[in-house]
Amino acid sequence: MTASKSSRARNARSGAQAGPARNGAARSGSAARNGAVKNGNGAAARGAVAAKTAGGPRGRATAGGDLDTRTAGTGPAVWVQLTTFALALAGLGVSIYLTIAHFSESTLLGCSETKGLVNCTKVTTSAQSYVFGIPVAVLGLAFFLFAVAIMSPWAWRAARREIHLLRIASLVVGIGFVIYLLYAELFIIGSICLYCTSVHVITFLLFVLTMFAVAAWGLRPGAAWPQRLTPRNLAGPRLARQSAS
């Protein structure tokens, strides 16, 4: 009987000591479950914010046919933007001069008027110098006004896919018109105009550079000039490649 009482006393003390431990473990488990719930709620909230951001104006624009904004800055290199813009400006200058000369009926400077292959007056006064009743010089002026806009750095950095497609379409039309004019000069008129030839060369170069940009970078917006030209950004890709190797 004495031994039984002692055993019951020891069991009671052990149970009393184990009670706080069980309570602590229960509290720890409850705290862990609450923390997990809070973390899950936080992750869900962040996911909702990200979904709203993706569904914002830029996200909707991407779904609506715009270029993915994540590709911004991966488009044509700076030298492509600068070269095409400079060529468009040069073509615009020549077209302005040809238009003024056409309406003022003045002789083009530095262009021969002999009976040889080069005869600017014969070309600019021929029947082929009009298309649908519109002077070719005026059509060239309109084309290069548009080319200056579409070849500008702002147009190259545009996120709208339609702008890049419009650039391609305009140059396809332009190069087709150049082929027609070359045929008219060589096989119908029998003479060429140096100023007209310079416009043809500029249009051809714009066509080649644009097709090259599409083949190399696709229909993606280019980066801003300062972003591309700063030494820090130029050194970044080299350091990344060195660390990767």
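Pairs, please: C-beta under 8 Å, at least 6 apart or cross-chain, first residue without any contact (Cβ under 8 Å) to a residue 40 or more places away in the chain and in the stretch 115-129, second of a type in the set (S, T, N, Q)?
Close Cβ pairs satisfying both conditions: THR121/THR107.
Can you give me the number of residues within the stretch 140-191 that are touching a His at 6+ places or on another chain (Cβ under 7 Å) and without any contact (Cβ under 8 Å) to a residue 24 or more places away in the chain?
Of the residues in that region, 1 qualify.
Yes/no per residue for (1) of a type outside the set (A, V, I, L, M, F, W, C); (2) under 30 Å from VAL78 (Cβ atoms); (3) touching a Leu at 6+ places or on another chain (Cβ under 8 Å); (4) at pLDDT below 90:
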{"site": "ILE100", "(1), (2), (3), (4)": "no, no, no, no"}
{"site": "SER126", "(1), (2), (3), (4)": "yes, no, no, no"}
{"site": "VAL178", "(1), (2), (3), (4)": "no, yes, no, no"}
{"site": "LEU182", "(1), (2), (3), (4)": "no, no, no, no"}
{"site": "HIS200", "(1), (2), (3), (4)": "yes, yes, yes, no"}
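For the stretch 90-112, which positions are open to solvent by less than 60 Å² (accessible area, probe 1.4 Å) and part of a helix (DSSP H, G or I)?
ALA90, GLY91, LEU92, GLY93, VAL94, SER95, LEU98, THR99, ALA101, HIS102
Please go through the stretch 73-89 and pick out each residue that is farther than 17 Å from HIS200 by Cα, at pLDDT 85 or above and either of a type in the set (A, V, I, L, M) or surrounded by fewer than 16 Cβ atoms within 10 Å (Cβ to Cβ) (or both).
Scanning the stretch 73-89 gives ALA77, VAL78, TRP79, VAL80, LEU82.
The values are calculated or read from the model by the stated rules, or taken from the named source; none is laboratory data. All figures in this text were calculated on a predicted structure; none of them were measured in a lab. Here the Cβ is made from the backbone with ideal geometry for all residues, glycine too, and neighbour counts use every protein chain on show. In case anyone asks, the SASA skips ligands and DNA or RNA and just uses the protein heavy atoms, side chains included. Shrake-Rupley method; radii C 1.70, N 1.55, O 1.52, S 1.80 Å.
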